[in-house]
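Read through the structure below, which is laid out as structure tokens, and then see the notes.
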Amino acid sequence: MPIEPPRSPWEFPPANRWPADDLIAVGAELHLGTVLAAYRQGLFPMEVEDHLGWWSPLERGVLPLDGLRVSRSLRRSVGRFEIRVDTAFEDVIDGCADPRREHGWITPAFRSAYVELHRLGWAHSVEAWRDGVLAGGLYGVAIGGLFAGESMFHRETDASKVALVGLVDLLRDEHSAARVIDVQWVTDHLAGLGVVGVPRETYLSRASVALGLPLPPAFAD
């Protein structure tokens, strides 16, 4: 089971005092207790103009477990890859942080924090392998029934999408209806996979319920 880090020295404002903006607060640091407290309150960290920002989008991107769109071609791709969990977390985060990728945001400080969260049992990778080679994957933070997706990458066509299919399969159980996959913002690419936008208040309500659920077995070992 995950190990709790020392408590955060910082406190976030309550949701009823948040601005009508995606950016809620600026400052603090990537203290592990602060990062986990943020996710538990519906926030996530991302830098803004060289400062650490804490975000909760007015329209939050979520992927309903029963809403994933798997095209015929993607279904064929699923059969070409092997899904693994937490066997190459650092390789996955490095793939996501590849400086050749446009709009990269994973700094060495972020890498260090999430690698440590992985060591403590909070951050996880879902990986797509083919012929013994890592072809793509995704990583995020799992707290109870909330999976807060952070980033994904691919080195072969559809590999990151196959990892997403794998994640959804891993989360399907008797608690599926209440589990939440958070992807932060809706993009055209993610919308094509079934991601929808929900109002911030709806997300916070659903996340509060999800946090009280047991971890999926794949992440509880």
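List of remarks:
- Residue that is surrounded by the fewest Cβ atoms within 10 Å (Cβ to Cβ), among those in the stretch 91-102 that are of a type outside the set (Asp, Glu) and in a helix (DSSP H, G or I): 93
- Residue check, residue 200 farther than 26 Å from residue 16 by Cβ, at pLDDT 95 or above and not small (Gly, Ala, Ser): no
- Condition broken by residue 32, with the remaining ones in (1) more than 24 Å from residue 208 (Cα to Cα); (2) surrounded by fewer than 22 Cβ atoms within 10 Å (Cβ to Cβ) satisfied: (1)
- Among the residues of the stretch 50-74, those identified as basic (Lys, Arg) and either under 13 Å from residue 193 (Cβ atoms) or in contact (Cβ under 8 Å) with a residue 12 or more places away in the chain (or both) are 60, 69.
- Within the stretch 151-168, the set of residues being assigned to a helix (DSSP H, G or I) and free of Cβ contacts under 8 Å to residues at least 60 places away in the same chain comprises 160, 167.
- Within the stretch 11-39, being touching a helix residue (DSSP H, G or I) at 6+ places or on another chain (Cβ under 7 Å) and within 18 Å of residue 110 (Cα to Cα) holds for 28, 30, 32, 35.
- Strands (runs of 3 or more DSSP E) fully within the stretch 1-76 that include at least 2 residues being among the charged types (D, E, K, R): 59-62.
- Within the stretch 74-113, the set of residues being of a type in the set (Gly, Ala, Ser) and under 27 Å from residue 31 (Cα atoms) comprises 88, 95, 97, 104, 109, 112, 113.
- Subset of the stretch 57-90 [among the charged types (D, E, K, R) and surrounded by 13 or more Cβ atoms within 10 Å (Cβ to Cβ)]: 59, 60, 80, 82, 84, 86, 90
- Meets criteria (farther than 25 Å from residue 162 by Cα and in contact (Cβ under 8 Å) with a residue 12 or more places away in the chain) for residue 97: no
- Among the candidates 160, 205, the residue that is modelled with pLDDT of 95 or more and within 14 Å of the chain's Cα centre (by Cα) is uniquely 160.
- Residues located in the stretch 170-202, provided they are of a type in the set (Val, Ile, Thr) and either over 22 Å from residue 125 (Cα atoms) or more than 17 Å from the chain's Cα centre (by Cα) (or both): 196, 198, 202
- Residue check for residue 80: assigned to a strand (DSSP E or B), in contact (Cβ under 8 Å) with a residue 12 or more places away in the chain and either farther than 20 Å from residue 10 by Cβ or within 16 Å of the chain's Cα centre (by Cα) (or both): no
- Complete set of residues in the stretch 176-209 that are over 22 Å from residue 58 (Cβ atoms) and buried (at least 18 other Cβ atoms within 10 Å of the Cβ): 179
- Residue in the stretch 115-122 that is of a type outside the set (Lys, Arg) and within 20 Å of residue 42 (Cβ to Cβ) present: yes
The values are calculated or read from the model by the stated rules, or taken from the named source; none is laboratory data. It should be emphasised that the depicted structure is a prediction, and the values quoted were computed from it without experimental measurement. Using ideal geometry, Cβ is built from the backbone for each residue, glycine included, and neighbour counts are taken over all protein chains shown.
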